[in-house]
Amino acid sequence: MKRTEQMSFWERLYILEVLRGLAVTNYHFMRNLSLHIAHAFGFARNRSAAVTTQYPEQRKTYPEGYRGSHRLTLREDGTVRCTSCFLCATACPAQCIYIEAGEHPDPHVEKFPVRYEIDTLRCIYCGLCVEACPCDAIRMDTYVHPRIWGFDRRDFVETKELLMHRSRVVAEKGRDGNMDEMMEWYADQARQVYNPLRGELRTYSERELPQKWEEKPDEPDLPALDRHHPPHPNGR
Ligand code: SF4
Ligand code: SF4
């Protein structure tokens, strides 16, 4: 049976449903407005009015299982834990993970990501990449929202360096550290946007990280393997 056949004649006119929706919206708007005005004059203190959280200046405390932006976890020596197995990229339904793998000089580690990027404009935050990872190399426990604005598409592509940096922030500053950093970035960007003498704006991933975090762990500086045209096993 078609959906429209289940609806009554009046529902299929839609106009009544639209008016009913407007009535509900207006009722809540007028109720909250009246209560806020009454509170301002010291009346009806025992009746609470709805208050909108002024994000990003105000934030709620998210539950432990909150699925936020990604981070790449680190080994004890500070190097990236990811072994470039591509399972996360394969599982990703939005195809927003881009990896270039390089050979690792440590014989116990087959590969590492020379490049690891997540296009957050395509990501749907489903968590399948985290589920697919066999070595706990990627997590979504940063309590960071996706970025809400940027100046070009690159602003929304999160690089390996940024994803690793988030793990250092979690270790050093705790669960709200990354969100605090993003708020500082928003404020800095807002100042620069209105500065007529500004230079070229940097993307979130290209920003200058604190000095101690610029000292990258020893990772081999080797060319990336092309995932679509891997080298021939006989070296040809
Ligand atoms: S959360 Fe989902 S859509 Fe986003 S990168 Fe992971 S698998 Fe892809
Ligand atoms: S993050 Fe995990 S699943 Fe993705 S390539 Fe690295 S090791 Fe493999």
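FYI, it's all coordinate maths here, none of it is from the lab. These numbers come from a predicted model, not from an experiment. FYI the Cβ positions are ideal-geometry reconstructions off the backbone, even for glycines, and counts take in every protein chain you see.
Here are a few things to note about the model shown:
Yes/no per residue for (1) within 30 Å of residue 161 (Cβ to Cβ); (2) exposed (fewer than 10 other Cβ atoms within 10 Å of the Cβ):
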position	(1), (2)
7	no, no
13	no, no
57	yes, yes
66	yes, no
69	yes, no
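- On the stretch given as segment 57-114, residues that are more than 11 Å from ligand 2 (Cβ to nearest atom) and on the phi > 0 side of the Ramachandran plot total 2.
- Residues located in segment 129-146, provided they are within 12 Å of residue 70 (Cα to Cα) and touching a helix residue (DSSP H, G or I) at 6+ places or on another chain (Cβ under 7 Å): 129, 138, 139, 140, 142, 143, 144
- Count of segment 168-183 residues, restricted to those that are of a type outside the set (Gly, Ala, Ser) and not in a helix (DSSP H, G or I), is 2.
- Answer residue from segment 126-153, given it is of a type in the set (Lys, Arg) and not in a loop (DSSP other than H, G, I, E, B) and is farthest from ligand 1 (Cβ to nearest atom) among those: 153
- Scan of segment 66-99 for residues that are under 23 Å from residue 154 (Cβ atoms), within 16 Å of ligand 1 (Cβ to nearest atom) and either among the β-branched types (Val, Ile, Thr) or not in a loop (DSSP other than H, G, I, E, B) (or both), ordered by number: 71, 72, 88, 89, 97, 98, 99
- Among the residues of segment 71-110, the ones that are loosely packed, with under 14 Cβ neighbours inside 10 Å and either free of Cβ contacts under 8 Å to residues at least 60 places away in the same chain or among the small types (Gly, Ala, Ser) (or both) come to 9 in all.
- Which numbered condition residue 123 misses (of (1) within 10 Å of ligand 1 (Cβ to nearest atom); (2) surrounded by fewer than 17 Cβ atoms within 10 Å (Cβ to Cβ)): (2)
- Flag for residue 133 being in contact (Cβ under 8 Å) with a residue 24 or more places away in the chain, buried (at least 18 other Cβ atoms within 10 Å of the Cβ), within 16 Å of ligand 2 (Cβ to nearest atom) and farther than 15 Å from residue 72 by Cα: no
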